[in-house]
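Quick notes on the structure that follows.
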Amino acid sequence: MIASSAPSLPEGAASRALVLGTSTLFEASGLPCSVDPAIRPVWAGAAIAAPVYPLACAPGNNLAIHIAMERAPRGTVLVVTTGNYLAGYWGEVLTVAAEAAGIVGLVIDGGVRDITALAARRFPVFARGISMRGTIKASVPSVGAPIFFGGVPVAAGDFLVADEDGVLLLPRSAIEHTLAIGEVRAAKEKVMMDRLAKGETSLELLGLAAWRDKA
């Protein structure tokens with residue numbers, strides 16, 4: 001089966017999002033879009049900004065991932081819920097398969113393994129933990145249907161951004177607005193950091209100087 005292409009994003013959305021980072025985008029969004037902070041990159045420096053392809057695995061069972069390899073559009077990131085069950089749902093073999101299928105990353109609320117190989121291949125993976133324990137292949141709760149992931153609802157084509165600060169999920173309707181507000185926020189912070197470097201204080205710049213004598 002030949003997978004389709006990923007849903008289109010606003011012009012330059014992925015590169016703009018990676019420059020801004022998840023913390024700035026979260027503040028800019030005004031939305032409850034931050035995923036459970038226990039889901040972390042499995043190698044230092046991993047980052048993703050891409051449309052989502054969601055799926056659900058039964059605990060300790062990764063058959064849905066294998067099916068998603070044939071269905072997920074090229075250029076998407078797999079977002080996988082497992083009921084927070086820690087096992088090695090993903091490793092080097094699936095990473096090689098994902099690269100061939102054009103999948104650009106994995107975010108999973110379960111575990112992964114073969115971490116040295118994932119880091120060497122620079123394939124972005126964010127997971128709840130690491131586990132050498134393998135999985136069975138016996139059932140498929142859902143592939144491509146909307147899910148709740150780390151406390152956030154997500155559907156195919158939504159926008160995921162993940163870096164070392166965490167993971168966030170934006171609905172498609174909020175992408176451009178969030179990026180624009182985030183860029184304004186980043187520009188203001190740059191001015192503030194320049195002034196801090198010249199000796200002004202955060203109390204002064206944030207209008208908090210009146211608190212000096214109250215603390």
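Name the pairs: first residue in the range 125-139 and touching a residue at least 12 places away in the same chain (Cβ under 8 Å) and within 23 Å of VAL52 (Cα to Cα), second residue part of a strand (DSSP E or B) and hydrophobic (A, V, I, L, M, F, W, C), Cβ to Cβ under 7 Å, at least 6 apart or on different chains?
What qualifies is VAL125/LEU106; VAL125/VAL112; PHE126/VAL107; PHE126/ALA162; PHE126/VAL167; ALA127/ILE108; ALA127/VAL112; ILE130/VAL112.
Mind listing whichever residues of the range 65-83 are part of a loop (DSSP other than H, G, I, E, B), within 19 Å of ALA145 (Cβ to Cβ) and touching a residue at least 40 places away in the same chain (Cβ under 8 Å)?
ALA72, PRO73, THR76
Could you say which residue among TYR53, TYR89 is in contact with a strand residue (DSSP E or B) (Cβ under 6 Å, 6 or more places away or on another chain) and over 27 Å from ALA174 (Cβ atoms)?
TYR89
Does the range 11-19 contain any residue that is surrounded by 20 or more Cβ atoms within 10 Å (Cβ to Cβ) and in a loop (DSSP other than H, G, I, E, B)?
no
Under 9 Å between Cβ atoms, which residue pairs at least 6 apart in sequence (or on different chains) link something in the range 1-28 that is farther than 25 Å from ALA97 by Cβ and modelled with pLDDT under 95 with a partner that is in a helix (DSSP H, G or I) and among the β-branched types (Val, Ile, Thr)?
Sorted first by the residue in the range 1-28, then by its partner, the pairs are PRO10/ILE175.
How many residues are of a type outside the set (Gly, Ala, Ser) and assigned to a strand (DSSP E or B) when one looks only at the range 30-52?
Let us first name the residues in the range 30-52 that are of a type outside the set (Gly, Ala, Ser), namely 31-33, 35-37, 39-43, 48, 51-52.
Filter again for assigned to a strand (DSSP E or B), leaving 40-41, 48, 51-52.
Final tally of qualifying residues: 5.
If you take the residues in the range 27-40 that are hydrophobic (A, V, I, L, M, F, W, C) and out of contact with any helix residue (DSSP H, G or I) (no Cβ under 9 Å at 6 or more places or on another chain), which one is surrounded by the fewest Cβ atoms within 10 Å (Cβ to Cβ)?
The selected residue is ALA38.
Return the only residue of VAL107, VAL140 being in a loop (DSSP other than H, G, I, E, B), crowded, with 17+ Cβ neighbours inside 10 Å and at pLDDT 95 or above.
Values: VAL107 fails: in a loop (DSSP other than H, G, I, E, B).
One residue alone meets the criteria, VAL140.
Kindly list, by first and then second residue, each pair from a residue in the range 142-169 that is without any contact (Cβ under 8 Å) to a residue 12 or more places away in the chain and over 17 Å from ASN84 (Cα atoms) to a residue that is aliphatic (A, V, I, L, M) and surrounded by fewer than 24 Cβ atoms within 10 Å (Cβ to Cβ), limited to pairs with Cβ atoms under 9 Å and residues at least 6 apart or on different chains.
From residues that are without any contact (Cβ under 8 Å) to a residue 12 or more places away in the chain and over 17 Å from ASN84 (Cα atoms), there are no pairs.
The values are calculated or read from the model by the stated rules, or taken from the named source; none is laboratory data. In this text the structure is predicted, and so the values were computed from the model without any measurement. Cβ sites come from the backbone with ideal geometry, for glycine too, and all protein chains shown count toward neighbours.
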